[in-house]
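K.L.:
Right, I'll just put the structure down here and ask away after.
The values are calculated or read from the model by the stated rules, or taken from the named source; none is laboratory data. Just so it is clear, the model here is predicted, and its values are computed rather than measured. Positions of Cβ are backbone-derived with ideal geometry, glycine not excepted, and every protein chain shown enters the neighbour counts. For accessibility, only protein heavy atoms count, side chains too; no ligands or nucleic acids. Shrake-Rupley method; radii C 1.70, N 1.55, O 1.52, S 1.80 Å.
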Amino acid sequence: MTRYSRITGTGSYLPPNRLTNAQLAADLAARGVETSDEWIVERTGISARHFAAPDVTSSDLGLEAAKRAIEAAGLQAADIDLIIVATSTPDMVFPSVACILQHKLGIAGCPAFDMQAVCSGFVYALTVADAMIKSGAASKALVVGAEVFSRILDFSDRTTCVLFGDGAGAVVLEASQTPGILASDLHADGKHVGILCVPGHVSGGQVLGSPLLTMDGKAVFKLAVAVLESAARATLAKAELTEADIDWLIPHQANLRIMHSTAKKLKLPLEKLIVTVDQHGNTSAASIPLALDEAVRSGKVKKGDTVMLEGVGGGFTWGAVLLKY
Ligand code: UT7
């Protein structure tokens with residue numbers, strides 16, 4: 001019998017400190033940085049984001065999301081036999097957030113590792129978990145996207161610091177006799193490293209280079225619009241489906257204009273687009289599982305729906321996962 005993988009539970013968590021554009025603009029004005037609610041909403045669709053307290057880490061946010069996903073799947077933490085965490089803002093240089101999360105969940109023994117593909121991290125992690133389940137290497141995987149991007153923002157750079165937020169999302173992916181993950185399509189092109197990066201690194205007890213995010217927004221925008229369409233089409237072709245089969249499109253939540261453009265290129269009505277960027281900002285690897293969990297819990301995404309997840313971000317990386325929920 002063919003072995004498939006299927007999402008059986010979702011969960012998410014946002015740190016309680018919610019900052020509206022107006023509040024952020026006032027904080028930035030105090031530093032001599034000028035921005036406005038109008039500019040941020042018009043150019044990005046973002047109205048608010050959540051920032052974690054200084055002592056809260058990606059594993060803390062991931063833990064809350066993971067607990068909710070495990071509960072939604074009707075499992076105990078001890079049932080999990082694989083943990084993958086997608087993050088670019090780990091608690092430490094090493095070990096992985098996945099190992100720290102495993103311990104916080106009170107379990108031990110199962111493989112646990114991080115996936116570094118920036119904002120595409122969750123679709124990368126889900127694809128790897130799917131392959132490990134199909135191969136028989138795992139049966140009940142916990143796949144998490146968790147980020148504290150507020151830690152790496154340059155609050156003197158208005159072109160980036162208004163865009164990002166903190167949060168975590170998680171799914172439990174289980175072996176199944178019926179298809180859940182239908183197809184996926186992953187890519188990277190390292191020649192674009194410089195357009196979105198945190199160039200700093202640790203050497204000899206010091207951070208060499210800037211530890212803050214830098215982005216050529218226009219270049220990222222242009223690439224994102226192109227690759228989100230191609231990844232969706234390639235994934236549909238692998239599954240032998242068409243755009244008309246998509247019930248819900250959940251792209252990486254970075255900019256509403258990019259998301260609308262993707263939906264339009266795929267000829268999908270905007271009612272099929274799940275939008276959380278307005279309330280979360282860009283939470284990088286956490287954005288897709290956060291949006292999926294909200295869509296599931298609000299009753300939009302129902303059992304049997306066909307859902308297209310799409311990631312794009314630093315690397316440059318991009319990819320899509322098509323699934324039956
Ligand atoms: O997760 C990874 C994926 N990342 C993304 O998808 C980001 C992709 N890029 C974008 O979302 C957009 O390029 C941005 C939102 C970053 C910028 O939007 P834009 O429409 O490309 O604006 P722009 O960079 O062309 O800037 C237009 C103007 C500039 O002023 P001048 O030169 O026209 O006088 C900027 O200085 O807006 C100015 N500006 C701002 N004004 C107020 C830039 N940032 C701000 C700001 N507040 N926060």
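K.L.:
On average, how much accessible surface per residue is there in the stretch 1-54, in Å², for a 1.4 Å probe, leaving out ligands, DNA and RNA?
P.N.:
On the way: 2800 Å² over 54 residues.
Here the per-residue accessible area is 52 Å².
K.L.:
Rounded to the nearest percent, how much of the accessible area of the stretch 181-324 (1.4 Å probe, protein heavy atoms only) is carbon and sulfur? Display every interim value, and only then the final one.
P.N.:
On the way: 3510 of 6000 Å².
That share works out to 59 percent.
K.L.:
Whole number in Å², please: accessible area per residue of the stretch 182-278, 1.4 Å probe, ligands, DNA and RNA not counted. If you can, show how the numbers build up before the last one.
P.N.:
Values: 4920 Å² over 97 residues.
The answer is 51 Å² per residue.
K.L.:
How far, in nm, would the chain grow between Glu240 and Lys267 when pulled straight, counting 0.36 nm per residue and subtracting the alpha carbon separation? Spell out each step's value before the answer.
P.N.:
Details: separation 27, 0.36 × 27 = 9.72 nm, distance 1.74 nm.
Going from the current span to full extension adds 8.0 nm.
K.L.:
Would you calculate the separation in nanometres between label points at Thr2 and Asp157, each defined as 7 Å from the Cα along the Cα-to-beta-carbon direction?
P.N.:
Distance between label points: 4.5 nm.
K.L.:
Let me ask something additional. Where only protein heavy atoms count, and the probe is 1.4 Å, what is the accessible area per residue for the stretch 55-133 in Å²?
P.N.:
Normalised by residue count, the accessible surface of the stretch 55-133 is 39 Å².
K.L.:
Out of residues 5 or more away from Ser5 or on other chains, whose amide H comes under 5 Å of its own, with H placed 1.01 Å from N in the peptide plane?
P.N.:
Amide H to amide H, under 5 Å and 5 or more residues apart or across chains, Ser5 pairs with Ser176, Gly180, Ile181.
K.L.:
For the pair Ala77 and Ser36, what calculated FRET efficiency results from E = 1/(1 + (r/R0)^6), where r is the Cβ-Cβ distance and R0 = 51 Å, to the nearest 0.05? Intermediate values should be presented prior to the final figure.
P.N.:
Values: r = 45 Å, r/R0 = 0.88.
Approximately 0.70, to the nearest 0.05.
K.L.:
What full-extension length gain, to one decimal in nm, is calculated for Lys191 and Ala131 as 0.36 nm per residue of separation minus the Cα-Cα distance?
P.N.:
Between Lys191 and Ala131, full extension yields 18.9 nm more.
K.L.:
Between Asp216 and Thr178, take the C-beta separation as r, use R0 = 56 Å, and let me know the FRET efficiency to the nearest 0.05.
P.N.:
0.80
K.L.:
Taking the chain as a Gaussian network, Cα atoms linked when under 10 Å apart, which of Leu273, Leu292, Leu173 shows the biggest mean-square fluctuation?
P.N.:
Largest GNM mean-square fluctuation: Leu273.
K.L.:
Let me ask another. Compare Phe51, Phe94, Phe113 in a GNM of the chain, Cα atoms joined below 10 Å, and give the one with the largest fluctuation.
P.N.:
Phe94
K.L.:
Next up: Any idea what the dipole of the stretch 4-176 comes to, in debye rounded to 20, about its Cα centre with Lys/Arg Cβ at +1 and Asp/Glu Cβ at -1?
P.N.:
Details: 12 positive and 19 negative charges, 65 e Å.
Dipole magnitude for the stretch 4-176 comes out near 320 debye.
K.L.:
Positive end of the charge dipole of the chain (Lys, Arg +1 and Asp, Glu -1 on Cβ, about the Cα centre): tell me which of Ser120, Phe149, Val41 has its Cα farthest that way.
P.N.:
Going by the Cα projections, it comes out as Ser120.
K.L.:
Something else about it: Provide the gained length on full extension for the span Arg257 to Ala22, in nm with one decimal, where the gain is 0.36 nm per separating residue minus the Cα-Cα distance. Numbers along the way, then the final one.
P.N.:
On the way: separation 235, 0.36 × 235 = 84.60 nm, distance 2.07 nm.
Using 0.36 nm per residue and subtracting the Cα-Cα distance, I get 82.5 nm.
K.L.:
Counting only protein heavy atoms and a 1.4 Å probe, tell me what percentage of the stretch 90-137's accessible area is made up of carbon and sulfur. Walk me through the numbers before you get to the answer.
P.N.:
Details: 1430 of 2130 Å².
C and S atoms contribute 67 percent here.
K.L.:
Along the charge dipole of the stretch 183-252, Cβ charges K/R +1 and D/E -1, which of Ala237, Ala183, Gly209 sits furthest on the positive end?
P.N.:
Gly209
K.L.:
Can you tell me which lysines have their Cα less than 27 Å from the Cα of Lys267? Leave out same-chain residues fewer than eight positions away.
P.N.:
Lys218, Lys222, Lys238, Lys300, Lys302, Lys303, Lys324
K.L.:
Something else now. With a length cut of 18 Å (Cα positions projected on each helix's long axis) and a Kyte-Doolittle mean of at least 0.5, go through the chain and give me the DSSP H helices that pass. The partial results should precede the final answer.
P.N.:
Numbers: long enough: 58-72 (21 Å, -0.11); 121-135 (21 Å, 1.08); 217-239 (33 Å, 0.85).
Those that pass (Cα extent of 18 Å or more, hydropathy at least 0.5) are 121-135, 217-239.
K.L.:
How do 137-147, 29-39 rank on mean C-beta neighbours within 10 Å, highest first?
P.N.:
On the way: 137-147: 27.5, 29-39: 12.5.
Packing order, densest peptide first, comes out as 137-147, 29-39.
K.L.:
Around Glu229, under 13 Å between beta carbons, what's the net of Lys plus Arg minus Asp minus Glu among the other residues?
P.N.:
Values: positive: Lys222, Arg233, Lys264, Lys265, Lys267; negative: Asp185, Glu243, Glu310.
Here the count lands on +2.
K.L.:
In whole Å, how far is the Cα centre of the stretch 229-246 from that of the stretch 2-66?
P.N.:
The two parts, judged by their Cα centres, are 30 Å apart.
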